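K.L.:
Mind looking over this structure? Questions follow.
Quick note: the coordinates plus some simple rules give every number you see, no bench work behind them. As the structure is a computational prediction, the values presented were derived from the model and not from experiment. Glycine also receives a Cβ, built like all others from the backbone with ideal geometry; neighbour counts cover every protein chain displayed.
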Amino acid sequence: MFLIIGADSEVGRAAVDALRSDGTPVIGTTRRAVADDTGRVRLDLLDMPTEWEPPRETRAACIAAAVSRIAECEADPAGSALINCAGTLELVKRLSGRGIYTLYLSTNQVFDGTMPHVAPDSPLRPVSTYGRQKARTEAALLAMMSEGAPVGILRLSKVVSPGMKLFADWRDSLMAGRAIRPFDDMSLAPVPLRLAVAAITAMMRTRTELVAQLTGPRDVTYLDAAQRIAALLGADPGLVEARRAAEIGLPPGATPTHTTLDSSFLRDAHGIVVPDAIDVVGDTFQRSSCVPVRRGGRA
């Protein structure tokens with residue numbers, strides 16, 4: 001039995017679906033009230049009952065629940081830390097204490113973004129409140145791992161899926177002849193949702209007790225991504241107007257120069273390789289768009 005903590009999140013929901021599709025018994029958790037026949041159990045990391053126990057026969061778990069918006073963590077550092085640090089660590093202690101392998105999903109935000117392809121064992125240098133919370137939790141988990149706890153860490157960069165709202169909003173505006181204003185100073189090395197799930201399930205099945213990372217091989221800007229989508233739509237390229245993230249006062253850490261991490265372990269151990277960023281953007285958009293797109297070269 002596998003357990004996905006945070007099955008209402010995009011990654012968590014996709015992991016549950018993937019495991020069920022290949023016949024693996026899996027249960028997801030939710031903060032909402034649930035009925036007995038939903039295949040989910042209630043668990044809130046903000047208020048975890050002292051008597052809570054994982055479902056019987058659970059052998060591996062993945063923690064996908066978190067307050068992951070940088071601005072939200074910046075606005076409420078104490079409240080978000082209760083989930084991202086205290087609640088998460090309490091849960092890992094309960095799971096690992098019962099011999100349940102636990103995979104913790106982390107982020108490139110544990111680094112400052114000044115260097116590309118950062119190695120898994122590089123010193124953590126978070127800039128944002130969110131990054132500091134994830135780094136604090138990672139440090140505690142690494143200490144537990146050194147004492148023999150069955151724990152693994154998977155750092156991911158921006159995960160993209162066919163249903164993502166940003167691409168849909170860009171499409172709608174461009175098709176209506178309205179300008180869009182993507183940031184030219186915010187980078188992403190996107191990971192397709194299906195590959196993030198492949199990495200999660202592979203590490204859970206093999207009980208991988210180390211720090212693994214998965215990002216695209218290079219960063220592009222959000223401007224680059226928008227230009228690719230405009231080209232696929234055959235939209236007027238003049239509708240894509242660059243702007244600076246500083247214009248809207250984003251919090252510290254929101255615009256790292258680099259989001260790429262060394263992803264060689266997952267490549268070598270499981271053959272999981274993320275394609276080039278522009279290809280990921282184009283493929284993700286075409287999978288989601290109901291609008292016929294024009295085949296063409298890179299923007």
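K.L.:
Is it the case, given these coordinates, that Leu105 is under 17 Å from Met204 (Cα atoms) and hydrophobic (A, V, I, L, M, F, W, C)?
P.N.:
Numbers: under 17 Å from Met204 (Cα atoms): yes; hydrophobic (A, V, I, L, M, F, W, C): yes.
Taking the combined requirement at face value, the residue satisfies it.
K.L.:
Only one of Ala176, Ala168, Ala143 is closer than 30 Å to Glu90 by Cα and either out of contact with any Cys (no Cβ under 6 Å at 6 or more places or on another chain) or of a type in the set (Lys, Arg) (or both); which? Steps first, please.
P.N.:
Working: Ala176 fails: closer than 30 Å to Glu90 by Cα; Ala168 fails: closer than 30 Å to Glu90 by Cα.
Sole residue among the options that is closer than 30 Å to Glu90 by Cα and either out of contact with any Cys (no Cβ under 6 Å at 6 or more places or on another chain) or of a type in the set (Lys, Arg) (or both): Ala143.
K.L.:
So which of Arg132, Arg136 ends up being without any contact (Cβ under 8 Å) to a residue 24 or more places away in the chain, within 17 Å of Ser68 (Cα to Cα) and part of a helix (DSSP H, G or I)? Break it down stepwise before answering.
P.N.:
Details: Arg136 fails: without any contact (Cβ under 8 Å) to a residue 24 or more places away in the chain.
On inspection, the qualifying residue turns out to be Arg132.
One line per residue, one yes/no per condition, for (1) among the small types (Gly, Ala, Ser); (2) under 23 Å from Val273 (Cβ atoms):
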residue: Ala139; (1), (2): yes, no
residue: Gly148; (1), (2): yes, no
residue: Gly152; (1), (2): yes, yes
residue: Leu156; (1), (2): no, yes
residue: Val159; (1), (2): no, yes
residue: Phe167; (1), (2): no, yes
residue: Ser173; (1), (2): yes, no
residue: Gly177; (1), (2): yes, no
residue: Phe183; (1), (2): no, no
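K.L.:
Out of the residues in segment 145-161 that are touching a strand residue (DSSP E or B) at 6+ places or on another chain (Cβ under 9 Å) and assigned to a loop (DSSP other than H, G, I, E, B), which is nearest to Asp262 (Cα to Cα)? Lay out the reasoning, then the answer.
P.N.:
If we filter segment 145-161 for residues that are touching a strand residue (DSSP E or B) at 6+ places or on another chain (Cβ under 9 Å), which is where we start, we get 145, 149-161.
From the residues that got through so far, the ones that are assigned to a loop (DSSP other than H, G, I, E, B) too are 149-150, 157-158, 161.
Details: Ala149: 24, Pro150: 23, Ser157: 11, Lys158: 15, Ser161: 22 Å.
Ranking the candidates gives Ser157 first.
K.L.:
Take the residues in segment 126-148 that are of a type in the set (D, E, K, R) and surrounded by fewer than 22 Cβ atoms within 10 Å (Cβ to Cβ); name whichever of them is farthest from the chain's Cα centre (by Cα). Please lay out each step first, then the result.
P.N.:
Going residue by residue through segment 126-148, those that are of a type in the set (D, E, K, R) are 132, 134, 136, 138, 147.
With surrounded by fewer than 22 Cβ atoms within 10 Å (Cβ to Cβ) added as a condition, the list becomes 132, 136, 138, 147.
Details: Arg132: 16, Arg136: 18, Glu138: 15, Glu147: 27 Å.
So, considering only residues that are of a type in the set (D, E, K, R) and surrounded by fewer than 22 Cβ atoms within 10 Å (Cβ to Cβ), the one farthest from the chain's Cα centre (by Cα) is Glu147.
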